[in-house]
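Where a number appears in this text, it was derived from the coordinates with a stated rule and is not lab data. Everything numeric in this text was worked out from a predicted model, so none of it was measured. Every residue, glycine as well, gets a Cβ built from its backbone with ideal geometry; the counts of neighbours run over all protein chains shown.
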């Protein structure tokens, strides 16, 4: 802060800032910490990082669940290891995708909120003196000072409303900001006219408190949106953005954006293919569940097409790029998604529907009051006064708070339960759905998360456990997940992980290996176990039902929704799962386009569909559905298309999402009813010409506070 | 009524100081992490000097 300041607090600020700067201006590394939640976590993370040699500073942001680290020597991998040892999951975030952490829009709103708040306090102070009976010269003096404070304040703080109202009027439409702007401007303008003509009533305090309460609503709205938005960016920044390019046999790490057509790229085990290309290696085994919904690994031979988004399940392979960046199939789907989304953009939010009724009604009422008083009373000034009083007292501020207060409270509640609400109207649309369509692979099930180990005897299980324990590779974890819990691992020596192949060690039987079939010299592809000279035993990977799937389906059915499965996988894979979960309505072998068409057909039949899916084949369907949910493990395209992302691995809270969405719509409508009730009492008073600035101030604050209090009830929804 | 000539400027200046302080908290980024700020008050050894233990 280098500017000169006119007030003592601002002059003292730079000094205080030097002592207690809460920000790191330019962090070198930003890590996402999805599991932190309390003061203890902050302390533990910061302490473990600061005590690491080479780290100059570390600062946790609990709202964004991130830590910013300043270091010149260390890599993100070192920090991730350090935090893992301290018991915290950490992922490096790509800073080119991430926003900078500052929030200029929110800061502008806060500044306006502060200005209108302090102006309102000061003007209210003078108003109290006037209401208590200040008369003549004193009253005029107070009115003058009020005008001097409130006119600039209103013009400065009302800008967000004026801008929005103007953009609506330009296309000949009315939104909520039109009556709001009109009320603010007329109240201030009319009061100025009254003051200049030595009038008794001035509504400066009303104009300011109107602005203040409405800015509170606007800021709440902005904050909940930003929290969701930045978390969505975090998810995008977690994606792999570097690739291994092979130049004359040397692997070199480059950013995905720097890859060109014709480049040879090495894909290590467990990594997503970043480009479309042809296979250069002899063979490869990949997971295409994201693209097609198939749950089994796909084996391709040299020269076969490989698409961006496939995950390497076998040994590392090489790919020659044929399409990069925006030309890949993966990105082209985004275009399809955009077209499907246009249909949804025509949805009118509850607040806008209310504004469509409210705005003309209020304007008409004020106009009728003006004409009535002008004709009957014959006094234009008196008539204008009444019309302004009607505009102020109909209280757009309760209406402006009604929806943002509820949605902020609902979104905050859902965020703490692991739901990321990305779209402003998502909750309203969700509350209207009557059918839930689930994708299978990756949504109801987690593909390749468990190995079939039933064929192993006790000794073999013990060896497999010992080998799998020593590696963090997904396949090792899948093997570990399938073994009965609590068994003792075998005693092995010299256990080493052979990159891209498996784990090996020595036991009493000789060499023991857990790894890919080709490495073990067997005739199968997937993982296997070999003990000594015995032939290798295949441990094929299968999918497991996602945690909470049953709870979610039972809960949703109890709420009156009809669950259904629509999958791209084989019928033989879909049927057992559907039977286990008790879903009658099941379809298998459905392609991405067919999914999209089916949703449109259902929509034409009058059904409102909630789509839950994760794959590229679901993206268009997610965008076309009335509302959509994607798990955080979903592909980028699917997450972008979905309204809501589930951040934790379980589906168990889906019914809660539904009940919060329904409660949010119910409470918003209640809030409109409360605001209408106040109007029902106050409007006749205003029409009768008996409204005073004091009455306006009381009606406005009380109705705003009632609406806010009612919104908070969403925290108790079960 | 001469007292008003003192009281009015005083009330406006006090309001102005409050406003300046509020604006400073906004510019200083004190609303960037409201969840974290409310948690940090519980920490005994919270480091107010993120630039280092014996920072400037």
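Observations, loosely collected:
- Interatomic Cα distance distribution for the stretch A:453-539, bins of 10 angstrom, percent: 20, 60, 20, 0
- D (Stokes-Einstein, µm²/s), Kirkwood Cα radius, chain A, 0.692 mPa s at 37 °C: 111
- Structural descriptor for chain A: relative contact order 13 percent, calculated from alpha carbon pairs under 8 angstrom and at least 6 residues apart.
- Helix A:592-604 and the longest principal axis of the Cα set of chain A meet at an angle near 40°.
- By the helix-only formula, in which each DSSP H run with n ≥ 4 contributes -39500 (n - 2.57) and the sum is divided by residues, the protein assembly as shown has a 222 nm mean residue ellipticity of -17000 deg cm²/dmol.
- Note on the stretch A:584-718: Rg/Rh from Cα positions, Kirkwood definition for Rh, rounded to two decimals, is 1.21.
- For the stretch A:679-718, the extents of the C-alpha atoms along the principal axes are 46, 17, 6 Å, listed from largest to smallest.
- Helix A:136-157 and the long axis of chain A differ in direction by around 30°, with both axes built from C-alpha atoms.
- Quotient of C-alpha Rg and 2.2 N^0.38 Å, computed over the stretch A:611-677: 1.38
- Working note: Cα gyration tensor of the stretch A:82-182, eigenvalues times five, square-rooted, sorted largest first, giving semi-axes of 44, 23, 10 Å.
- On Cα atoms only, tilt of A:396-416 relative to the major axis of chain A in degrees: 20
- Over all orientations, the stretch A:344-420 has a Cα convex hull whose mean projected area works out to 6.5 square nanometres.
- Take each residue of peptide B:11-19, count the partner chain Cβ atoms within 10 Å of its Cβ, and average: the result is 6.
- Across the stretch A:538-648, the mean sequence separation of Cα contacts (distance under 8 Å, 6 or more residues apart), normalised by length, yields a relative contact order of 16 percent.
- Mean separation of Cα contacts under 8 Å, 6 or more apart, over the residue count of the stretch A:24-92: relative contact order %: 43
- Over all orientations, the stretch A:24-92 has a Cα convex hull whose mean projected area works out to 3.9 square nanometres.
- Peptides A:615-622, A:540-547, A:180-187, ordered by how many other C-beta atoms sit within 10 Å of their residues on average, highest first, read A:615-622, A:180-187, A:540-547.
- Counting all C-alpha pairs of the stretch A:379-500, share separated by more than 19 Å (%): 72
- Distance from the stretch A:660-718 to the stretch A:177-213 (C-alpha centre basis), Å: 21
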